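**Q** Handing you a structure now.
No value in this document is a laboratory result; all are computed from the given coordinates. On a predicted model such as this, the values are computed, not experimentally measured, just so you know. Glycine also receives a Cβ, built like all others from the backbone with ideal geometry; neighbour counts cover every protein chain displayed.
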Amino acid sequence: MNEIAPAAPGIGLCHDRMSVRRYVAVIGPADASAAEAAQAHSVGRLLARAGAIVVNGGLGGVMEAAARGAEEAGGMSIGLLPGTERDPGSPDDRIALPTGLGELRNGLVVRCADAVISVGGSWGTLSEIALAMRTGKPLVSVGGWRIADASGSEVAVERATTPAEAVTRALAMLTGARSADTRSDAD
């Protein structure tokens with residue numbers, strides 16, 4: 001019988017014995033440009049090759065492209081759908097979970113992930129970026145939103161110019177978070 005060992009806070013576990021798997025949300029517009037879709041596809045593929053599980057909003061555009069990239073690389077993607085049916089979901093998501101929450105499922109996408117990679121931008125993407133920042137999730141952005149605070153100063157968001165750079169930075173941020181968790185337990 002496989003047992004699941006307790007995870008460090010913020011680190012997801014796969015059901016493989018003692019195997020830590022990272023869950024990374026790939027967020028972006030459903031009406032993505034061809035360039036955004038290509039970037040998301042690369043992000044999904046690179047995450048899968050690194051052993052991460054891709055989490056997304058389950059629909060088209062960036063979400064579907066990231067799922068397709070993960071699937072083609074032999075990885076897994078989970079789509080959290082806004083409606084109550086699985087049918088409108090991306091055929092490339094290995095697991096499609098209808099939430100019935102509409103846009104509120106954006107919070108689930110962020111909270112289910114250990115890190116977030118944003119590709120491009122839409123209003124839904126902006127809400128997910130805000131939730132990631134509010135909850136302290138590691139966030140890397142490829143293009144998309146530039147955010148200012150109430151005083152007009154730009155808010156620092158980790159930016160990458162390529163999918164490979166985004167994946168490398170996001171995974172490195174997780175490794176740093178896990179190391180920090182381990183240090184605090186030892187104190």
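**Q** For the pair Ala164/Leu101, report the inter-label distance in nm, with labels modelled 7 Å from Cα in the Cβ direction.
**A** Roughly 3.5 nm, to one decimal.
**Q** Another one. In nm, give the distance between the simple-model label positions of Glu72 and Arg94, each being 7 Å from the Cα along the Cα-to-Cβ direction.
**A** It works out to 1.8 nm between the two label points.
**Q** Is the shape of region 64-140 rounded, prolate or oblate, going by the alpha carbon gyration tensor and its root eigenvalues a ≥ b ≥ c, with a/c under 1.5 for rounded and a/b larger than b/c for prolate?
**A** Oblate shape, in that a/c is at least 1.5 and b/c is the bigger or equal ratio.
**Q** Measure off 7 Å from each Cα along the Cα-to-Cβ vector at Glu154 and Arg86, then give the distance between these two points in nanometres to one decimal.
**A** With each label placed 7 Å out from Cα toward Cβ, I get 4.4 nm.
**Q** Please pull out the direction-averaged projected area of region 23-186, using the convex hull of its alpha-carbon atoms, in nm² to one decimal place.
**A** With the hull built on Cα positions only, its mean projection is 9.7 nm².
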